[in-house]
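The values are calculated or read from the model by the stated rules, or taken from the named source; none is laboratory data. Since this is a predicted model, take the numbers as computed values, not measurements. All Cβ positions, even for glycine, are placed from backbone atoms using ideal geometry, and neighbour counts span all protein chains on display.
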Amino acid sequence: MTVRITWAEASARRLERQFLATSAKPRVPVADVVATMLGAHAQVLSAAELSVGVRTEGATRSHVREALWEDRSLVKTHGPRGTVHLLPTAELPLWCAALPAVPAGSVFAPDVRVTEEQAGQIVAAIGDALDGVCLTVDELSEEVVARTGAWAGDLVMPAFQTLWPRWRQVLHRAGWSGALCFGPNRGRKVTYTRPPHFDPLPADDAVRTLVRRYLHAYGPGTPAWFAKWMAAPGGWSSAVFGRMAEAGEIEEVDFEGTAAWVAAGDTEFPGDGGLDRDGVRGVRLLPYFDAYGIAAQPRELLFPGVAYRRALAGGQAGNFPLLLVDGVVAGVWHQRRRGRRTTVTVEPLRRLTARHERELGERVQRVGEVLEAEAELVVGEVTVGPHA
């Protein structure tokens, strides 16, 4: 008999496994929290710091920076969808085997693209140049061109109303291969370095492990949802799920009338086995591109009604910080920092109860604690656009 899972049950389990129903205790390493999220989006580092901090009791941005720059249990590099993420250093053998296994085409014109052979030369040059040092992008560019040839430095890659050198189109692939990660900023300039050397897992094993991890954190899931999360071709994702189903690694469930999948044996949801079905209740504040808002599906249930229009940008999640109320998006918010103070403006999309208002005040204070600032709550319209 097919197990039937409701949205409320799935949400409660996802929030619990994401440390959003119950925060991780201070003794839980920051890197372990990031591992449960399957990476913290870090294009804007303060957003990643908030993603980790709101999940971890007592953690602040200093704890995240210590893990990143001092004990090196975290690494800032290119993760899912080619975007910058914080990933556990210990999990690089997994990520740097699974991510390159995803088929990808080029978005660049034929006269801009590099061949696979050239891409390999660039990645090798980047790894050699960054071994044991931190370089700015201009310094790295000089080293790559010196190791490969003038063709790598041709200014042909359109980017931000200018042209970048040809080699930069495979920058994310260098991150995926373990040849590159971010180093500490040098003043206002970004630097790159090389993470510790490691041996990647076999690619097929890594992909199957990542599917199981995804389903544990965000399941039930479908091949299409996994493909969207990874920016992978749908046909490739379906084939992976098919092979795993045949091998008995995943099993099918009915999720709100949709055929979906969970890891084999992982069918206990709230309402079963003593799990708390009420774990979905309450108020949470999630920052830009938080892992939960990106990965939890289906979008029309997470972003019901007016939230789908207000909190998404053309259907894309992550461009607005999210107010969650009882497990669904019920508003957007924005924080503006001035020195040691930050003003958090929250725009609810539905009427809040007195309990929700109290919780909102507590969540805003927690945002301030994570950012090591004194937070002030303003309830009103958020006037800035997406990703402001």
Check your understanding: Given the conditions (1) within 21 Å of the chain's Cα centre (by Cα); (2) under 24 Å from E9 (Cα atoms), and given that F241 satisfies all but one, which numbered condition is not satisfied?
Key -> (1)
Review point. Taking the stated definitions as given, is R336 of a type outside the set (S, T, N, Q) and in a strand (DSSP E or B)?
Key: yes
Practice item. Can you confirm whether region 118-129 contains a residue that is outside the structural domain of F226 (by TED's automatic domain parsing) and over 23 Å from F182 (Cβ atoms)? Key: yes
Study note, to complete from the structure: If you go through A8, A31, A67, A21, the only one that is of a type in the set (A, V, I, L, M, F, W, C), farther than 19 Å from N319 by Cα and either crowded, with 23+ Cβ neighbours inside 10 Å or in the same structural domain as L285 (by TED's automatic domain parsing) (or both) is A67
**Study point:** Among (1) under 21 Å from A231 (Cα atoms); (2) in contact (Cβ under 8 Å) with a residue 60 or more places away in the chain; (3) in contact with a Pro (Cβ under 9 Å, 6 or more places away or on another chain) - the single one W261 does not satisfy
**Key:** (2)
Review point. Just to be sure, is R310 surrounded by 15 or more Cβ atoms within 10 Å (Cβ to Cβ), of a type in the set (D, E, K, R) and within 27 Å of V64 (Cα to Cα)?
Key: no
Review point. Of all the residues that make up region 358-378, how many are part of a loop (DSSP other than H, G, I, E, B) and surrounded by fewer than 17 Cβ atoms within 10 Å (Cβ to Cβ)?
Key: 1
Check your understanding: What are the residues in region 76-110 that are of a type in the set (S, T, N, Q) and more than 23 Å from V156 (Cα to Cα), if any?
Key -> T77, T89
Check your understanding: Is it the case that R147 is among the basic types (K, R) and within 19 Å of K189 (Cβ to Cβ)?
Key -> no
Exercise for review: Sort through Y218, Y214 and tell me the only one that's aromatic (F, W, Y) and touching a strand residue (DSSP E or B) at 6+ places or on another chain (Cβ under 7 Å).
Suggested key: Y214
**Study point:** Some residue of region 330-340 being buried (at least 19 other Cβ atoms within 10 Å of the Cβ), touching a Pro at 6+ places or on another chain (Cβ under 8 Å) and farther than 20 Å from A42 by Cα
**Key:** yes
Study note, to complete from the structure: Per the filter on region 282-307, residues out of contact with any helix residue (DSSP H, G or I) (no Cβ under 7 Å at 6 or more places or on another chain), surrounded by fewer than 22 Cβ atoms within 10 Å (Cβ to Cβ) and outside any helix (DSSP H, G or I) are P298, P304, G305
Check your understanding: Is there a residue in region 319-327 that is in a strand (DSSP E or B), more than 24 Å from T222 (Cβ to Cβ) and at pLDDT 95 or above?
Key -> yes
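Rundown of residues vs (1) surrounded by fewer than 23 Cβ atoms within 10 Å (Cβ to Cβ); (2) without any contact (Cβ under 8 Å) to a residue 60 or more places away in the chain; (3) β-branched (V, I, T), yes/no style:
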| residue | (1), (2), (3) |
| --- | --- |
| R17 | yes, no, no |
| A35 | yes, yes, no |
| E49 | no, no, no |
| D71 | yes, yes, no |
Practice item. Pull up region 1-20, narrow it to residues that are over 16 Å from L38 (Cα atoms) and touching a Ser or Thr at 6+ places or on another chain (Cβ under 9 Å), then point me to the one that is modelled with the highest pLDDT. Key: I5
Point to revise | Conditions (1) under 27 Å from H63 (Cβ atoms); (2) surrounded by fewer than 20 Cβ atoms within 10 Å (Cβ to Cβ); (3) charged (D, E, K, R); number of the one not met by R355 | key: (1)
